[in-house]
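> Below are the structure tokens for one structure; questions will follow.
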Amino acid sequence: MQTSDPSHTQHPGHNQQLSNNQDPATEVAFSSAASAESDESLNIETLNDLASLADYSLLNTLDADPDAKTDGANHSPRQVLSGHYVLVTPMQIENPEYVTHSKTFFRELGFADNLAQSADFKRLFSGDLSNLPHPMRKIGWSTGYALSIYGNEYTQQCPFKTGNGYGDGRAASVLEAVIKGQRWEMQLKGSGRTPYSRGADGRAVLRSSVREFLAQEHMHALGVPTSRSLSLYASKTETVKRPWYSEGSRQKDPDIMVSDAVAISTRVAPSFIRVGQLELFGRRARGNEHPKAMAELEKIVLHLIEREYAYVIDQQLTRDDKVVLLARAFRSRLTSLIANWIRVGYCQGNFNSDNCAAGGFTLDYGPYGFCELFDPRFQPWTGGGEHYSFLNQPVAAEKNFGSFCTALKPLLASNPEALQQLNDIDDGFALEMQTEMEKMWAAKLGLSTFDPVLFRELFTLMIQTSVDYTIFFRELSEIPDNIDPLKRSFYSNSNSNSKELDERWSAWLTKWKTLINGDSSSQSNEELSRQMKRVNPKYILREWFVVPAYKNAAVGNYDLIRELQDIMTQPYAEQPEEVEEKFNKLKPSQFFNAGGTSHYSCSS
């Protein structure tokens, strides 16, 4: 795990190659700083400039659904029995209005800042592909995938009970482009029905679109590998009805229907290949469900390697060697990712295999949340259960990794040696995950090595005292002389055993300071503090910040969204006093157990 400046991750274009006896880089190979050394002067001022960079690797190398209409009019729910993608024409939202765009990401890509408000850019990224310049394509695509919940395959959520109707139900990719040496796929979320919509309308509401847009750029700024946010447009006239929570509701599930404006957000990643996608083709290959099933599995796996792992896997290796190295590289990325999630207090909420990116980054910000009052079982999604709770995410990741390995096995069926290597990699997940977690906890505590006794004592105290996860570690990063500054993170100071707890906290702090002083004899407290602050953020995207932002947006006021963008893309920085007073504080009591703020059954 990266413990230097978390805002910088390793660039995916490094020319690092692996042979069978080499380990892949343990740092995440995913970065928006893509190929910064190549073509720095690139300036994309018009859609024509962007069109010149279009390059559709998925459409050019993988198989289309043979039963699909080639004009993209594939909007009715049905089984998709073969092929890697379905051509889909997005449905533009009515009367689209600019809400916001990521200035940070635009700058990294070389996009002119005013491009987001240009008429043709808005048309494209609000779902209208009809007038795109050549060589852009006027049809998008959606993909199918399987579903595993905590490692168990499910087909019940597919209306056909076969698993052949599950996939991108409200998302369509509309562009692949190579920008500054890095390939990016741009996908509209909320762009209407696809064959995978399962009878739904294929729309995303403004509320969920704001949540995902803010979260992606916040997570990137936190140094956590993630899909990115490009732009957000809302309809001034089109609405859909969704279940949600009434004002002041303490219900577990939504208790009213609300009419919400629809929106389209564009998310961007090197690819959107999911573990569930590989599972779908692995399952078809195992069952020999059609004559091309094994060939389609091989194609999607090799395409994943080319899109996400080309710089760490030597293209001259045999297919089987590539598959084994793919598993090893994904294991490194996934364990690092989960350790980073927990480092910043993030809980995915719904971590099924279809929400697990095979590139090893965070994908699909549905019922996510950031842990405030420290609780190992924190779970913002009412349907998630403890299996997807905050500190169970390493085990949930292990289950997804097992599904990933199972999907690869048909390719190695005739190679017992390679199959055993794959099984060994799968079996080694828990140990590598533990190693990453211990490195992460040590970094949060300013230690060079993990101290299990010190950590267990801290863990117990944090639970018994009801501390705010983010505020506590940030205050600890100041290396306080006594426990008084730490009390700023305590939700309850009226505990009947407060004197005893104070004594235990003081004893723990003394023990910790002895360790850090012995650990870094050549390092000053000021240097150690700076190091810890690069690991422990000051600002996180608390849901009670986001709620007023999307409520204001519902009446056409986007100022708070843009304010949150500015603040949450500088999560480690010391910001002005008025920002600190507003955004660096404990969760108010009225938001505990509040439906739609502390928990939600869906995000839609």
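The values are calculated or read from the model by the stated rules, or taken from the named source; none is laboratory data. Every value quoted in this text rests on a predicted model; they were computed, and no experiment measured them. A quick note on method: Cβ atoms are made from the backbone with ideal geometry, for glycine too, and the neighbour counts reach across all protein chains shown.
> Out of curiosity, is residue 353 small (Gly, Ala, Ser), within 20 Å of the chain's Cα centre (by Cα), within 28 Å of residue 203 (Cβ to Cβ) and not assigned by TED's automatic domain parsing to the domain that holds residue 189?
Working: small (Gly, Ala, Ser): yes; within 20 Å of the chain's Cα centre (by Cα): yes; within 28 Å of residue 203 (Cβ to Cβ): yes; not assigned by TED's automatic domain parsing to the domain that holds residue 189: yes.
Yes.
> Of the residues that sit in the stretch 527-556 and are of a type in the set (A, V, I, L, M) and not in a helix (DSSP H, G or I), which one is farthest from residue 445 (Cα to Cα)? So that I can check it myself, show each step before the final result.
Keep residues of the stretch 527-556 that are of a type in the set (A, V, I, L, M), which gives 528, 532, 535, 540-541, 546-547, 549, 553-555.
Filter again for not in a helix (DSSP H, G or I), leaving 535, 540-541, 555.
Details: 535: 9, 540: 19, 541: 22, 555: 44 Å.
Only one residue fits best here, namely 555.
> Please indicate, with yes or no, whether at least one residue in the stretch 286-294 is part of a loop (DSSP other than H, G, I, E, B), at negative phi and without any contact (Cβ under 8 Å) to a residue 40 or more places away in the chain. Reasoning before the result, please.
Kept after step one, since they are part of a loop (DSSP other than H, G, I, E, B), are these residues of the stretch 286-294: 287-292.
Add one more test, that the residue is at negative phi, and what stays is 287, 289-292.
Those still in the list that are without any contact (Cβ under 8 Å) to a residue 40 or more places away in the chain too: 287, 291.
So far as the stretch 286-294 goes, yes, one or more of its residues are part of a loop (DSSP other than H, G, I, E, B), at negative phi and without any contact (Cβ under 8 Å) to a residue 40 or more places away in the chain.
> Is one or more of the residues making up the stretch 557-565 in a loop (DSSP other than H, G, I, E, B), among the basic types (Lys, Arg), touching a residue at least 40 places away in the same chain (Cβ under 8 Å) and farther than 30 Å from residue 452 by Cβ? Quick ask: steps written out before the conclusion?
Taking the stretch 557-565 as the starting set, the residues that turn out to be in a loop (DSSP other than H, G, I, E, B) are 557-558.
Pick out the ones that are also among the basic types (Lys, Arg) and you get none.
Looking for residues that are in a loop (DSSP other than H, G, I, E, B), among the basic types (Lys, Arg), touching a residue at least 40 places away in the same chain (Cβ under 8 Å) and farther than 30 Å from residue 452 by Cβ, one finds none in the stretch 557-565, hence no.
> Next up: Can you work out which of the residues in the stretch 295-309 that are crowded, with 18+ Cβ neighbours inside 10 Å and free of Cβ contacts under 8 Å to residues at least 40 places away in the same chain is nearest to the chain's Cα centre (by Cα)?
Just the residues of the stretch 295-309 that are crowded, with 18+ Cβ neighbours inside 10 Å, to begin with: 296-297, 300-302, 304-305, 307-309.
Next cut, free of Cβ contacts under 8 Å to residues at least 40 places away in the same chain only: 302, 305.
Numbers: 302: 23, 305: 20 Å.
This residue is 305.
> May I ask you to list the residues in the stretch 451-496 that are among the β-branched types (Val, Ile, Thr) and without any contact (Cβ under 8 Å) to a residue 24 or more places away in the chain? Before the answer, list the steps.
The initial filter retains those residues of the stretch 451-496 that are among the β-branched types (Val, Ile, Thr), namely 453, 460, 463, 465, 467, 470-471, 479, 483.
Listed by number, the residues that qualify are 453, 460.
> Among the residues of the stretch 235-282, what is the count of those that are under 30 Å from residue 56 (Cβ atoms) and of a type in the set (Phe, Trp, Tyr)?
First, pick out the residues of the stretch 235-282 that are under 30 Å from residue 56 (Cβ atoms): 235, 238, 262-282.
After this cut, where a residue has to be of a type in the set (Phe, Trp, Tyr) as well, the list is 272, 281.
The qualifying residues number 2.
> Does residue 205 fit the bill of being more than 29 Å from residue 386 (Cβ to Cβ) and either within 22 Å of the chain's Cα centre (by Cα) or surrounded by fewer than 24 Cβ atoms within 10 Å (Cβ to Cβ) (or both)? Spell out the reasoning first.
Working: more than 29 Å from residue 386 (Cβ to Cβ): no; either within 22 Å of the chain's Cα centre (by Cα) or surrounded by fewer than 24 Cβ atoms within 10 Å (Cβ to Cβ) (or both): yes.
The answer is no for residue 205.
> In addition: Just one of (1) in contact with a helix residue (DSSP H, G or I) (Cβ under 9 Å, 6 or more places away or on another chain); (2) surrounded by fewer than 20 Cβ atoms within 10 Å (Cβ to Cβ); (3) over 29 Å from residue 568 (Cβ atoms) trips up residue 136, so point out which.
For residue 136, the failing item is (2).
> Here's another thing I want to ask about it. In the stretch 571-583, how many residues are outside any helix (DSSP H, G or I) and surrounded by 18 or more Cβ atoms within 10 Å (Cβ to Cβ)?
Adding up the residues that qualify gives 2.
> Specify the residue that is nearest to residue 211 (Cα to Cα); the eligible residues are those in the stretch 584-604 that are of a type in the set (S, T, N, Q) and surrounded by 14 or more Cβ atoms within 10 Å (Cβ to Cβ). Let's see the steps before the verdict.
First, pick out the residues of the stretch 584-604 that are of a type in the set (S, T, N, Q): 584, 589-590, 593, 597-598, 601, 603-604.
Next, from what is left, pick out any that are surrounded by 14 or more Cβ atoms within 10 Å (Cβ to Cβ): 584, 597-598, 601, 603-604.
Details: 584: 19, 597: 12, 598: 14, 601: 15, 603: 9, 604: 11 Å.
Once the filter is applied, the top-ranked residue is 603.
> Next question. Could you please let me know if residue 433 is in contact (Cβ under 8 Å) with a residue 12 or more places away in the chain, touching a Pro at 6+ places or on another chain (Cβ under 9 Å) and within 30 Å of residue 286 (Cα to Cα)? Steps first, please.
Numbers: in contact (Cβ under 8 Å) with a residue 12 or more places away in the chain: yes; touching a Pro at 6+ places or on another chain (Cβ under 9 Å): yes; within 30 Å of residue 286 (Cα to Cα): yes.
It is true that residue 433 is in contact (Cβ under 8 Å) with a residue 12 or more places away in the chain, touching a Pro at 6+ places or on another chain (Cβ under 9 Å) and within 30 Å of residue 286 (Cα to Cα).
> Sort through 332, 336 and tell me the only one that's of a type outside the set (Lys, Arg), farther than 26 Å from residue 168 by Cα and crowded, with 23+ Cβ neighbours inside 10 Å. Talk me through it step by step, then tell me what you get.
Numbers: 332 fails: crowded, with 23+ Cβ neighbours inside 10 Å.
Unique residue meeting the criteria: 336.
> Hey, among 538, 511, which residue is in contact with a helix residue (DSSP H, G or I) (Cβ under 7 Å, 6 or more places away or on another chain), closer than 19 Å to residue 474 by Cα, surrounded by 17 or more Cβ atoms within 10 Å (Cβ to Cβ) and not assigned by TED's automatic domain parsing to the domain that holds residue 229?
Residue meeting the stated conditions: 538.
> Any chance you could count how many residues in the stretch 379-395 are farther than 23 Å from residue 429 by Cα and touching a helix residue (DSSP H, G or I) at 6+ places or on another chain (Cβ under 9 Å)?
The total comes to 3.
> Which residue out of 52, 41 is surrounded by fewer than 21 Cβ atoms within 10 Å (Cβ to Cβ) and either touching a strand residue (DSSP E or B) at 6+ places or on another chain (Cβ under 6 Å) or at pLDDT 95 or above (or both)?
52
> Consider residue 307 against the criteria (1) of a type outside the set (A, V, I, L, M); (2) outside the structural domain of residue 212 (by TED's automatic domain parsing); (3) assigned to a loop (DSSP other than H, G, I, E, B): it satisfies all of them except one. Which criterion is unmet?
(3)
> Based on this model, can you work out whether residue 312 counts as surrounded by 23 or more Cβ atoms within 10 Å (Cβ to Cβ), under 21 Å from residue 224 (Cβ atoms) and touching a Leu at 6+ places or on another chain (Cβ under 7 Å)? Outline the logic, then answer.
On the way: surrounded by 23 or more Cβ atoms within 10 Å (Cβ to Cβ): yes; under 21 Å from residue 224 (Cβ atoms): yes; touching a Leu at 6+ places or on another chain (Cβ under 7 Å): yes.
Yes; evaluated as a whole, the condition is true for this residue.
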